[in-house]
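A short worksheet on the structure shown next.
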Amino acid sequence: MAADEALGPAGDDPALSRITRKHLETLATGAAGTAWRELARDVLAGRADVREALDSAAARDTVRRGMSGFLRWREEIGPEEFSRYAGDARQAARKLRERIEAERDAPPHDGR
């Protein structure tokens with residue numbers, strides 16, 4: 001499978017594909033743990049597509065553990081602090097959407 005095919009729907013959108021690939025490359029360094037590292041490496045190498053990787057037992061277990069930790073953290077910090085973090089997350093998501101749109105609007109890069 002070609003690397004762009006492995007990105008699933010993102011592979012059809014050059015801007016989203018570049019950003020998705022960049023995030024996969026970060027995950028492939030092990031920055032988020034060994035399970036995500038291996039899943040990202042499989043996608044980047046074309047051994048699995050994003051959907052297959054996310055549907056794997058390893059991804060489900062990793063998400064389950066992450067959600068369990070997230071729920072404990074949310075309970076510990078309380079609703080006011082969580083609301084502040086949620087606002088920060090919305091702002092980060094907005095900036096990512098803007099970045100994707102800017103990438104779409106940018107002239108093609110010829111690799112030089």
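Each value in this text was obtained by applying a stated rule to the coordinates, not by laboratory testing. All values derive from a computational prediction rather than experimental measurement. Cβ sites come from the backbone with ideal geometry, for glycine too, and all protein chains shown count toward neighbours.
Using the Karplus relation 6.51 cos²θ - 1.76 cosθ + 1.60 with θ = phi - 60°, the per-residue 3J(HN,Hα) values for region 97-107 come to 4, 5, 5, 4, 4, 5, 5, 5, 7, 6, x Hz, with x marking Gly and Pro. Expressed as a fraction of 2.2 N^0.38 Å, the value expected for a compact globular protein of N residues, the C-alpha radius of gyration of region 39-78 is 1.52. Computed from phi, the 3J(HN,Hα) profile of region 38-53 under the Karplus parametrisation 6.51, -1.76, 1.60 (θ = phi - 60°) reads 5, 4, 5, 4, 4, 5, 5, 7, x, 7, 8, 9, 4, 5, 4, 4 Hz, with x in place of Gly and Pro. Sorting L71, L27, L39, L44 from the fewest to the most surrounding beta carbons within 10 angstrom yields L71, L44, L27, L39. Look at the dipole of region 3-105 built from charges on Cβ: of A89, A32, F70, the Cα furthest out on the positive end belongs to F70.
Across every direction, the projection of the convex hull enclosing the Cα atoms of region 3-105 has a mean area of 7.1 nm². Taking other Cβ atoms within 10 Å as a rough exposure proxy, T29, T20 sort from fewest to most as T29, T20. Counting other Cβ atoms within 10 Å as a rough exposure proxy, the listed residues E38, E101 run E101, E38 from fewest neighbours to most.
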